[in-house]
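> Take a look at the following structure, please.
The values are calculated or read from the model by the stated rules, or taken from the named source; none is laboratory data. Model, not experiment: these values are computed from the prediction. We place every Cβ from the backbone using ideal geometry, glycine too, and count neighbours over all the protein chains shown.
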């Protein structure tokens, strides 16, 4: 498909050859078509460029001389988010998306770690910042729905985009100019901020605009949170590159999805994790095909739900894979079989290897139904042995080196290690199989087991804690915790739930779905917690397991509760049978044996 397709809206010119996001924003000037819609508010492309110029000019005056030009954005999906992304592009500054599900000291840590010189937020999120020791003074915390914010902006409203280029003190933006600091999680505790330059973001936008044939009359519906790379890289950037409009939903709502799609005339949307399942859980209607939507792009919908979505809504979902850090990507082609993600791009050298030795693993054996027969031999870590777009982590050289230096055995030095589990079939197609030991993905959020363990270690009856992933029956993972109880202690589910609710830094996705009280944690020969053994037995262990079933698939609703809403009860044989059937229905039961 051509990147600049034609339609009744004309031929797209915006992304043609643009090497930076700043160039894409400059191209909006003078374009008076609708560019962004949120509720009853509509801004033209020209108004978006003008608003970005005003904010870039303001940024130039607010930035301390010696500070990195980093802007922390703690907003829901509102037009101000898009305006500050564009402002940062013009100024040569970088946006750090701040996750509002983070709490207390951990939230403050994210802002401090990314050296934010300015924080952009809204009244709804001010309680999250109350009482925190922030690295920025109060006059550099801007509240976009406060009248004082508009007064601050007024003197800059005549600025033109071309006049504010480089006001972030980095000079004229180039493809190498830092643009995003995207928080991701791995096996080393606190989230890391992956770097994304203007060149990489612009290239991603152009590539996706070409793949999906983005047209100037298209509308990209952004319902996934914009602090997440999915919405910005896969939703906002291709719209900007293709000259399309964006429609913003403050927070994802399954019940509002179809009404929004119709209201805004949306033609494309992105998704992550369980979003597709939530949409399928809404009551079907005779008019489910009555909309302009033609494509959805995301991860972890699964082949079963993708087929159900296409049948119900008449929309083809394209499953993709690209690590948050940009180190590895797979491309889907028309011959990609159900359940597979795709193959590497021409010239890329991706492989599935043993995480410890770096030795490439054999292809998978699949039965006639596509079920994996040799998971123990075929599932390994995805690595990129060739060129990579990985640009490192902000102020974390150790983590950057760990991504590229290989394992202790010396194999794979210079490779990019994705931290994701895959298997490769005999035809060379790659299939996603989950996360490595210390890495979890819950409702589209990447979490580190060590962080959750540090919080659960405060629970007085526990002498030891191990947190690990149990595959979700539909998408991603669920959190399971093994608690080694102190001598004489017994597991009290109400006491444990009250403890979770009292932890200020326990994010809304961190609370364990399953709890396994044990006498002692299993350990390896080197006295490390034997996570592989814990993960493989999961909830199918000999001890009594306790669980919080709401939202867990077999007995759950369409939305997940926060940590304060957890209630635990015994996980019975009946619960287990129903849950295992749910895995089989979604063709994910093989993941339980990984």
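> Is it the case that the range 119-130 has a residue that's outside any helix (DSSP H, G or I), under 28 Å from residue 39 (Cβ atoms) and in contact with a helix residue (DSSP H, G or I) (Cβ under 6 Å, 6 or more places away or on another chain)?
Yes, the conditions are met somewhere in the range 119-130.
Matching residues to (1) over 23 Å from the mean Cα position of the chain (by Cα); (2) modelled with pLDDT of 95 or more; (3) buried (at least 17 other Cβ atoms within 10 Å of the Cβ):
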site: 358; (1), (2), (3): yes, no, yes
site: 386; (1), (2), (3): yes, no, no
site: 394; (1), (2), (3): no, yes, yes
site: 417; (1), (2), (3): no, no, yes
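> If you don't mind, another one. Against the definition (closer than 29 Å to residue 205 by Cα, in contact (Cβ under 8 Å) with a residue 40 or more places away in the chain and in a loop (DSSP other than H, G, I, E, B)), how does residue 333 come out, yes or no?
Answer is no for this residue.
> Here is a list of conditions, (1) within 30 Å of residue 387 (Cβ to Cβ); (2) surrounded by fewer than 18 Cβ atoms within 10 Å (Cβ to Cβ), and residue 476 meets all of them except one; can you say which number that is?
(2)
> Shifting gears a bit: In this structure, is residue 406 outside any helix (DSSP H, G or I), within 17 Å of residue 300 (Cβ to Cβ) and either modelled with pLDDT under 75 or over 24 Å from the mean Cα position of the chain (by Cα) (or both)? Let's see the steps before the verdict.
Numbers: outside any helix (DSSP H, G or I): yes; within 17 Å of residue 300 (Cβ to Cβ): no; either modelled with pLDDT under 75 or over 24 Å from the mean Cα position of the chain (by Cα) (or both): yes.
No.
> What residue, among those in the range 131-140 that are surrounded by 14 or more Cβ atoms within 10 Å (Cβ to Cβ) and either in contact with a helix residue (DSSP H, G or I) (Cβ under 7 Å, 6 or more places away or on another chain) or not assigned by TED's automatic domain parsing to the domain that holds residue 48 (or both), is nearest to residue 48 (Cα to Cα)?
Selected residue: 140.
> Can you tell me which residue within the range 248-268, out of those that are outside any helix (DSSP H, G or I) and more than 19 Å from the chain's Cα centre (by Cα), is surrounded by the fewest Cβ atoms within 10 Å (Cβ to Cβ)?
Only one residue tops the list, namely 265.
> Then there is this: Out of 543, 559, 487, report the one residue that is surrounded by fewer than 17 Cβ atoms within 10 Å (Cβ to Cβ), at pLDDT 90 or above and not in a strand (DSSP E or B). Step through it out loud before you land on a result.
Details: 559 fails: at pLDDT 90 or above; 487 fails: at pLDDT 90 or above.
Only one candidate qualifies: 543.
> Okay, next question. So, in the range 71-99, exactly how many residues are farther than 18 Å from residue 169 by Cβ and either in contact with a strand residue (DSSP E or B) (Cβ under 7 Å, 6 or more places away or on another chain) or surrounded by fewer than 24 Cβ atoms within 10 Å (Cβ to Cβ) (or both)?
14
> Residues 237, 231: which one is assigned to a helix (DSSP H, G or I), under 30 Å from residue 453 (Cα atoms), touching a residue at least 24 places away in the same chain (Cβ under 8 Å) and not assigned by TED's automatic domain parsing to the domain that holds residue 27?
231
> Return yes when residue 168 is at pLDDT below 95 and not assigned by TED's automatic domain parsing to the domain that holds residue 417 and no when it is not.
Yes.
> Separate question: Which of the residues belonging to the range 208-231 are out of contact with any helix residue (DSSP H, G or I) (no Cβ under 8 Å at 6 or more places or on another chain) and at negative phi?
Residues satisfying the conditions are 210, 211, 217, 227, 228, 229, 230, 231.
> Condition test on residue 148, is it at pLDDT 95 or above, in contact with a helix residue (DSSP H, G or I) (Cβ under 9 Å, 6 or more places away or on another chain) and assigned to a helix (DSSP H, G or I)?
So residue 148 fails the test.
> If you don't mind, there's one more thing I want to ask. Just a yes or no: is a residue in the range 92-106 over 21 Å from the mean Cα position of the chain (by Cα) and under 20 Å from residue 51 (Cβ atoms)?
Among the residues of the range 92-106, at least one is over 21 Å from the mean Cα position of the chain (by Cα) and under 20 Å from residue 51 (Cβ atoms), which makes the answer yes.
> Looking only at the range 371-399, which residues are part of a loop (DSSP other than H, G, I, E, B) and out of contact with any helix residue (DSSP H, G or I) (no Cβ under 8 Å at 6 or more places or on another chain)?
Of the range 371-399, the ones part of a loop (DSSP other than H, G, I, E, B) are 371, 373-374, 379, 385-392, 394-396.
Within the range 371-399, 373, 374, 379, 385, 386, 387, 396 meet the criteria.
> Hey, another quick one. Looking for something assigned to a loop (DSSP other than H, G, I, E, B), under 19 Å from residue 547 (Cβ atoms), at pLDDT 95 or above and in the same structural domain as residue 472 (by TED's automatic domain parsing) - is there at least one such residue anywhere in the range 495-506?
The answer is no; no qualifying residue exists.
> Restricting attention to the range 420-453, which residues are in contact with a helix residue (DSSP H, G or I) (Cβ under 8 Å, 6 or more places away or on another chain) and at pLDDT 85 or above?
423, 424
> Let me ask something additional. Could you list all residues from the range 337-356 that are surrounded by fewer than 14 Cβ atoms within 10 Å (Cβ to Cβ) and under 27 Å from residue 586 (Cα atoms)? Explain how you work it out, then say what you get.
Of the residues in the range 337-356, the ones surrounded by fewer than 14 Cβ atoms within 10 Å (Cβ to Cβ) are 337-338, 345-347, 349, 356.
Within the range 337-356, 337, 338 meet the criteria.
> Residue 328 - would you say it is in contact (Cβ under 8 Å) with a residue 40 or more places away in the chain, surrounded by 20 or more Cβ atoms within 10 Å (Cβ to Cβ) and out of contact with any helix residue (DSSP H, G or I) (no Cβ under 8 Å at 6 or more places or on another chain)?
Against the criterion (in contact (Cβ under 8 Å) with a residue 40 or more places away in the chain, surrounded by 20 or more Cβ atoms within 10 Å (Cβ to Cβ) and out of contact with any helix residue (DSSP H, G or I) (no Cβ under 8 Å at 6 or more places or on another chain)), residue 328 qualifies.
> Residue check: is residue 225 surrounded by 22 or more Cβ atoms within 10 Å (Cβ to Cβ) and out of contact with any strand residue (DSSP E or B) (no Cβ under 7 Å at 6 or more places or on another chain)?
yes
> Among residues belonging to the range 562-594 that are surrounded by 15 or more Cβ atoms within 10 Å (Cβ to Cβ) and in a loop (DSSP other than H, G, I, E, B), point out the one that is modelled with the lowest pLDDT.
Looking at residues that are surrounded by 15 or more Cβ atoms within 10 Å (Cβ to Cβ) and in a loop (DSSP other than H, G, I, E, B), I get 562.
> With crowded, with 17+ Cβ neighbours inside 10 Å, under 25 Å from residue 197 (Cα atoms) and over 28 Å from the mean Cα position of the chain (by Cα) as the only criterion, which of 54, 36 stands out?
Criteria check complete, one pass: 54.
> Which of the residues spanning the range 466-484 are in contact (Cβ under 8 Å) with a residue 40 or more places away in the chain and either outside any strand (DSSP E or B) or within 17 Å of residue 546 (Cβ to Cβ) (or both)?
Within the range 466-484, 466, 467, 468, 470, 472, 473, 474, 475, 476, 478, 480, 482 meet the criteria.
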